[in-house]
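None of the figures in this text is laboratory data; all of them are computed from the coordinates on show. Just so it is clear, the structure is predicted and the values come from calculations on it, not from any experiment. All Cβ positions, even for glycine, are placed from backbone atoms using ideal geometry, and neighbour counts span all protein chains on display.
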């Protein structure tokens, strides 16, 4: 078959022009979307179900580092989830540090993945569980005047695991409570927290049950102290009279109650006594009125009041004026 002349005419020139155009087009395309690569971190699957039931990974397997290459657009659009990563955990047959094959399949045809490792290092231990007693830790004690008199945890043990046997050694199961504002009994469900031998929280091991019932009895601390009796009076005496004495018998009583209340009670009042219109000496039996939660012994005292009339002062006599002395003439001057 013979090609038309307009095709074969100047064929070399046309081929050269086509080559130049192609190179120019490629240059323009790559100028706007040049080739690029970047490093990515890929999570290594470590589902416990993938490991033979007798064993467990003693430590977390770190991410692997890969390099993704392609055009800038495709590299920027790359999603790590398109990688299929698998580890041959079924090859585990003993405890200790060992290498296992790893497989990475790239399902994104627009990029290439390089630097893929052939194996990873894992630390294997025996899968185990342990029973631990639950310790109740009171971080802050009740307010002054109150104490914890009884505490109970139900159940008092929990099952920790499954997990690496070496990690279960030295663990403690604790329930922490803040009682700094508690003046009454406490009962409720509280979380169990695991701590290692260095008092660091452990959050990647299972605890059954995760909550326990805590019952705490809080009681007030009752103490006693002597306190002065302060009789309370109301009203005013008659004009020209004065209340000159108030005597309580006994002058002190013994108060009993929470220490936080007694600390501020240097004196304790009585029931109010009205002195309006009174004159002379009067005796009353009145009750002591301590604050709520405090008792007094005795709870009644005798109060004696003395009211007298004010005396009118007698005016002092006016002093007698002294006579004015008569001046004496001076003696004559001798000549």
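Can you give the helix-only mean residue ellipticity at 222 nm for the chain, where every DSSP H stretch with n ≥ 4 adds -39500 (n - 2.57) and the sum goes over all residues, rounded to the nearest 500 deg cm²/dmol?
Computed ellipticity for the chain at 222 nm equals -3000 deg cm²/dmol.
Give me 114, 154 sorted ascending by neighbouring Cβ count inside 10 Å, so fewest comes first.
Sorted ascending by nearby Cβ count, the order is 154, 114.
In percent, what relative contact order does the chain have, based on Cα pairs under 8 Å that are 6 or more apart in sequence?
11 percent
Give me 260, 297 ranked fewest to most by other Cβ atoms within 10 Å of their Cβ, as a rough exposure proxy.
297, 260
With the radius of gyration and the Kirkwood radius both derived from the Cα set of segment 127-220, what is their ratio Rg to Rh?
1.05
Could you quote the convex hull projected area for the chain, Cα atoms only and averaged over all directions, in nm²?
Averaged projected hull area, Cα only: 66.6 nm².
Report the FRET efficiency, 1/(1 + (r/R0)^6), for residue 135 and residue 228, where r is their Cβ-Cβ distance and R0 is 41 Å, rounded to 0.05.
So the FRET efficiency works out to roughly 0.30.
Using 0.36 nm per residue of separation minus the Cα-Cα distance, give me the extension gain between residue 76 and residue 151 in nm, one decimal.
Here the answer is 21.0 nm.
Rounded to the nearest 10 degrees, what's the angle between the helix 11-32 long axis and the longest principal axis of the chain, both from Cα atoms, 0 to 90?
20 degrees
List 71, 93 from most exposed to least, where exposure is judged by having the fewest other Cβ atoms within 10 Å.
Result, fewest neighbours first: 93, 71.
Where in segment 54-79 is the amide nitrogen less than 17 Å from a point lying 7 Å along the Cα-to-Cβ axis of residue 99?
62, 64-65
Would you mind telling me which residue in 218, 134, 254 has the biggest mean-square fluctuation in a Gaussian network model of the chain, where springs connect alpha carbons within a distance under 10 angstrom?
So, out of 218, 134, 254, the one fluctuating most is 254.
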